[in-house]
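These notes are about the structure you will find just below.
The values are calculated or read from the model by the stated rules, or taken from the named source; none is laboratory data. The shown structure was predicted, so the numbers you read here are calculated from the model rather than taken from an experiment. When we count neighbours, we look across all protein chains shown, and the Cβ atoms used for this are built from the backbone with ideal geometry, even at glycine. Keep in mind that these areas ignore ligands, DNA and RNA; they rest on the heavy atoms of the full protein, side chains included. Shrake-Rupley method; radii C 1.70, N 1.55, O 1.52, S 1.80 Å.
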Amino acid sequence: MTSRFWPIPEARHAGGSPGLPLAGSRHVAWDLVNRLGDGPDEHLLASDLVPERRDRLVALRAPVCGLSMDVPRIMGILNVTPDSFSDGGRHDTLERGVAHAHLMAAEADMIDIGGESTRPGAREVPVDEEIARTAPVIREIRAQGIATPISIDTRKAAVAEAALDAGADFVNDVTALRWDARMAALCADRDVPVCLMHSVADPETMQAHATYQDVTREVYDHLAERIDAALAAGIRLDNIVTDPGIGFGKTLEHNLDLLRRLAIFHDLGAPVLLGASRKRFIGTLGLADDAAARMPGSVAVALHGAAQGVQILRVHDVAETRQALRLWAAIAGDNDNSGPA
Ligand code: HH2
C-alpha cells in the first residue's frame, strides 16, 4: 500500500512553532502530517511516523550547485528563444542574452537557460538549432566572468552535453529523463544535478492529457517512479531535484491543488523546484492577460512556495522576487537571505 506523507507547514521563528524543520528549512517547520494512502486521508503527528519516514521530512537536502538548501533559492529564467510565452524574442541574440544574464546575476542564485519553448502547443526545435541558441550564450556568460550556476532547460541529451561543455552546471529536464534515452546516462556520467519535472505527453499535445483522478497523488507517484528510474541509471539522490510541473498538462484547478498540497513533495526526499512564474493561471486568476503584467501574482505564488519549504523558485522577475523573500525572511527574524550566495 502506498503511503504519501503531506506535512502541514508552519512559520518557524523564535517564539513560534515548536515543530521540526521542514527539509532542514531555516524558516519552515511542521508538526502535523496527513497520510494520503489508498483509503481516506489520515491526520497524524510527526511523532506518529516511523523514524525513517520522519527523518526524510526533516533532513536538510544536499547543496545544489554549491547552494545550501536551507533557504529558498532564486533561479532566474533566460529563454533564448523567439517564441517563449513570456520573454520570447527579448533575449534571443548573444548580446541580449548575456546582458540579461548580467542583470539577473546580481540577484539570482542560478540562471536557467532554455532554447526551446515548452509552452502549450509549442513545436519541437531541431537539436542543432537548440545548441546554436544556448551553448554560445553560456560560453560567453562564463567568458565575461559571471560565476552564477547555470542550468540548461532541455529534454535533449546533445543539447545538455553541449551546454555542460560550455559551462553549465545543472540539467533541467521537463520530461524527467523520459524524452531522450541518453539523458539519464549523461547526467550520471557527468555527476551533475538534474531536475525531474512532472509532465504528460509533449508540449504540442499535453493540454489534451490534463485528466487525473487526484492530480497531487498522481504527480507524486510519477515523480517517485522517475526518481527510482534516475537512481537505477546511476544518478545520485543528492543530485536529484523534483518539480510538480505547474501548467504542464494541468488545468487551473489542477495547478491550485498542486500548490495547496505542495509540501507533499518533500516526502520524496529531494529539493523541490517550483516554476509558476507568469503562467496562464496567474493571468486568469489575477486578471492579467499580458504575461509581463503577471509579476505581482507570480511573486505571491513564489512566496507561497517559500512558505511551503520550496528550495528553488524558477522566476522571470528576479529582483522583485528577491525583495519579497528578503521581507519574508526578515519577518522570520533572519537577515541572512539577503542575496545570492
Ligand atoms: N516551466 C517552463 C519551462 N521550464 N522547468 C521546470 N523545471 N519547471 C517549470 O515549471 C518550467 C520549466 C515554462 O516556462 P517558460 O520557460 O517561461 O516558457 P517557455 O517554455 O515558453 O519557454
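Quick check on segment 141-148. Is at least one of its residues open to solvent by less than 30 Å² (accessible area, probe 1.4 Å), within 16 Å of the ligand (Cβ to nearest atom) and at negative phi? No, that holds for no residue.
Given the structure, is residue 180 touching a Lys or Arg at 6+ places or on another chain (Cβ under 7 Å) and within 17 Å of residue 126 (Cβ to Cβ)? The answer is yes for residue 180. Taking the criterion of being over 30 Å from residue 190 (Cβ atoms) and surrounded by 21 or more Cβ atoms within 10 Å (Cβ to Cβ), the residues of segment 200-226 that qualify are 215, 216.
In segment 96-119, the residue that is farthest from residue 146 (Cα to Cα) out of those that are within 9 Å of the ligand (Cβ to nearest atom), in contact with a Phe, Trp or Tyr (Cβ under 9 Å, 6 or more places away or on another chain) and not basic (Lys, Arg) is 118.
Test residue 123 against the criterion of being surrounded by fewer than 20 Cβ atoms within 10 Å (Cβ to Cβ) and either out of contact with any Lys or Arg (no Cβ under 9 Å at 6 or more places or on another chain) or not in a loop (DSSP other than H, G, I, E, B) (or both), and give yes or no. Yes, satisfied.
Restricting 118, 93, 148, 175 to residues that are more than 21 Å from residue 241 (Cα to Cα) and among the polar types (S, T, N, Q) narrows the list to 93. Of all residues in segment 101-116, none satisfies being over 24 Å from residue 273 (Cβ atoms), in a helix (DSSP H, G or I) and in contact (Cβ under 8 Å) with a residue 12 or more places away in the chain. Cβ-Cβ distances below 8 Å connect the following pairs, each with a first residue in segment 72-95 that is touching a residue at least 40 places away in the same chain (Cβ under 8 Å) and near the ligand (Cβ under 10 Å from one of its atoms), a second residue that is in a strand (DSSP E or B) and among the basic types (Lys, Arg), and a separation of six or more residues or different chains: 75/314; 77/314.
Would you mention how many residues in segment 281-299 are part of a helix (DSSP H, G or I) and either more than 29 Å from residue 238 (Cα to Cα) or in contact with a Cys (Cβ under 8 Å, 6 or more places away or on another chain) (or both)?
The number of residues fulfilling the criteria is 13.
In segment 245-280, how many residues are more than 15 Å from the ligand (Cβ to nearest atom) and in contact with a Cys (Cβ under 9 Å, 6 or more places away or on another chain)? So the count comes out to 0.
Count of segment 227-252 residues, restricted to those that are open to solvent by 30 Å² or more (accessible area, probe 1.4 Å) and in contact (Cβ under 8 Å) with a residue 12 or more places away in the chain, is 8. Scanning segment 22-35 for residues that are open to solvent by less than 30 Å² (accessible area, probe 1.4 Å) and of a type outside the set (A, V, I, L, M, F, W, C), we see that the one that is farthest from the chain's Cα centre (by Cα) is 34.
Identify, please: which residue in segment 36-71 is in a strand (DSSP E or B) and under 24 Å from the mean Cα position of the chain (by Cα) and is, among those, surrounded by the fewest Cβ atoms within 10 Å (Cβ to Cβ)?
Looking at the filtered set, the residue picked out is 67.
Before we move on, is residue 143 free of Cβ contacts under 8 Å to residues at least 40 places away in the same chain and small (Gly, Ala, Ser)? Yes; evaluated as a whole, the condition is true for this residue.
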